[in-house]
Amino acid sequence: MKTIFIIAGRTWKTAFSNPATLALTLILGLALCLATFIGWQNFKSQNAQRLKYKELVREKWLEKPDKHPHRMAHYGYLAFRDKHELSFFDFGIESFAGVSIFLEAHKQNTVNFSEAGFSNGMLRFGEMSVAMVLQLLVPLLIFFLGYSSISAERESGTLKIILCQGVSWRQLLFGKTLGIITLSFSLFIPIILLTVLLWAMLSEWQVSADSSLRLAFLVLSYTIYFIICAGIAVLISAFHRSSKAALTTLLILWVFFAIVMPRITQALGVILYPAPSKMEFAAAIGSDLHEQGDSHDPDDPHYAQLKAAVLKQYQVDDVKKLPFNYGGYVMAEGEKISAGIYNQHQQELNKNFEQQNSFSVAASYLNPFLAIKNLSMALTAADFKTYIDFQAQAEAYRYGLAQRMNKLQIEKISNIAPGEKEKPLSISRSNWAEQPDFQYKFKPVSNVISNHLWSILSLFCWLFAVLIVLGFSSRRLKALS
C-alpha cells in the first residue's frame, strides 16, 4: 500500500507542475462555481414565483362568495409542483416539465407552464448545472490527466526502470488511478462543501433526514463515477504504446458515452415504443367517456338506469322526494366513472414512457454516464418518476375536491329548484376553507433507491469491473513493457 501512495503522490505533484493542468483545473473550478451560482439563483427565483402564485390561488379560493358547490368544483384549483432543495444541483427535466396543473371536475388536465416554454432557443443546447459539469467536463479532465499516465512512462523509457525497482504492475496501475482520483477530488470536495452549504440555506437550516440521505447517496454515486473514469483512463493509457493513441481513444469514448449513446437510446425508445399524440390521447379518452354516458344529460341511458334504481331503492316516484340532492349524487357517480377512465389512460401513457426510458436504464450497463445521469436526477427529485408522482398526487387532490363539492351538494342543496325571482341555490363560503391546500410530498429516498436499483447496480458493476481489470491486467501488460 505504501508504494501505491508514493506513486499517487508523485502523480499529483507531476500533474500540478504542468501549467496546462493548472489552467484546466482552474477553468473547471470556475465553471463549477458558476454552475452552482446559476442553480442557486434558478431555485430561488422559480421557487419564489411558485410560492407567490400558490398563495394567490389559495387566497382567491377562500375569497369566493356563497356559491353552488358544483360551480366551485368547476371553478377549480391550481396545483404547483414544488422544487426539491437539491434540484439546484441537477436540473434534470425540471425546465421541460410543467410546474402547474389546473384541477377541475370531470376532467384531468395536463401539467403546463414549463421553463422551456418561456425561454429562447438556447435552452435546446442544454443548461449549465453542477451535475452537467461533474458528469461531462470532470471526466474529460480525468481523461486528460490520465491519458499519458502509463504511456508517457513507456515512451520516455522510465517504465522499465520503475518495474525493475520492484514496483508491480498492480501497484503502478492502482497508484496512478489513486493519484488521478485525488486530483479530481480537489475539485469535487470543495463543490460538495458548497453544495451542502447552499442545500442547508435553501432548506432554511431545517434539513430532513430524508434529504440528508439523498445528498449522501449523491456524493457516493459521483465518487464511484469518478473512480470508474480514472480507472478507465489509466487502463487505456496502459494498453497503448503512445500517449497520442491513448488520448484519441479516450476522446472517442467520451464522445460516444456522453453524446452519441444517450441520443441513440432515446431515439430507439421512441421508435420501438411510440407514444400517442396529445390529440390521439384526448380522442381515446373522449371515446371511452362517450360510451359510459354523460352525467350532465338527464336523458342519458346509463344515468336513466341509475335514476330508476335509486327511486326504487328509496321507494319514491320523483327525485325531488329523495332525502338528498339527486344532482349531487349523479355528479359523484359521473366523477367516479370519468376519473377511472382518465386514470386508466394516464397509467397506460406513463407505462409507455417508462418503456421508452428503459432503454437508457439498460444501456447504463454499457455506459456509466447514463447510470450517473439517471441516479443523479432521481436523488435530486428532478426525474420523470417524480414528475408523474406529482401528477398522481394532483389527481388525488382533484378527485377529493370534486367529491367533497359533490358531497356538499348532496347534503346541503335542496332537490327543489328555486323560482325565477328566487335566490339561486348556494351554500356558505365558510365551506371552502374545509378544502385543504394542495401540498406535494416527495417520495422517501427508499422509494427512489427501489425505483432505480438497475442504475445503482450498473454503477457498481462498472466499479467492480474496472477494479478487477486493474488488478488482473499485469500478465497482459508485461508483454507491452
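Every read-out reported here was derived from the displayed coordinates using simple, explicitly stated rules and does not represent laboratory data. Note that the structure is predicted; figures quoted are calculated from it, not measured. Note that each Cβ is placed from the backbone with ideal geometry, even for glycine, and that neighbours are counted across all protein chains shown.
Here are some notes:
- Dividing the mean sequence gap of close Cα pairs (under 8 Å, 6+ apart) by how many residues the stretch 166-289 holds gives a relative contact order of 27 percent.
- Computed from label points 7 Å out along Cα-Cβ, the spacing between residue 270 and residue 472 is 4.1 nm.
- Values (1) 46.2; (2) 21.5; (3) 28.6 are given for comparison; mean projected area of the Cα convex hull in nm², derived from the coordinates here, is the one labelled (3).
- The sum of -39500 (n - 2.57) across all DSSP H runs of n ≥ 4, divided by the residue count of the chain, sets its helix-only mean residue ellipticity at 222 nm to -22000 deg cm²/dmol.
- For the stretch 10-47 versus the stretch 415-478, the gap between their alpha-carbon centres in whole angstrom: 31
- Residues whose amide H comes within less than 5 Å of that of residue 89, counting only those at least five positions distant or on another chain, are absent (H built at 1.01 Å from N in the peptide plane).
- Long-range lysine pairs (8 or more apart or interchain), the stretch 239-352, Cα under 14 Å: 4
- About its Cα centre, the dipole of the chain is roughly 2140 debye, where the only charges are +1 on Lys and Arg Cβ and -1 on Asp and Glu Cβ.
- Close amide H pairs (under 5 Å, H built 1.01 Å from N) link residue 365 with no residue at least 5 positions away or on another chain.
- Site pair residue 44 and residue 160 shows an inter-label distance of 6.2 nm when each label is modelled 7 Å from Cα along Cα→Cβ.
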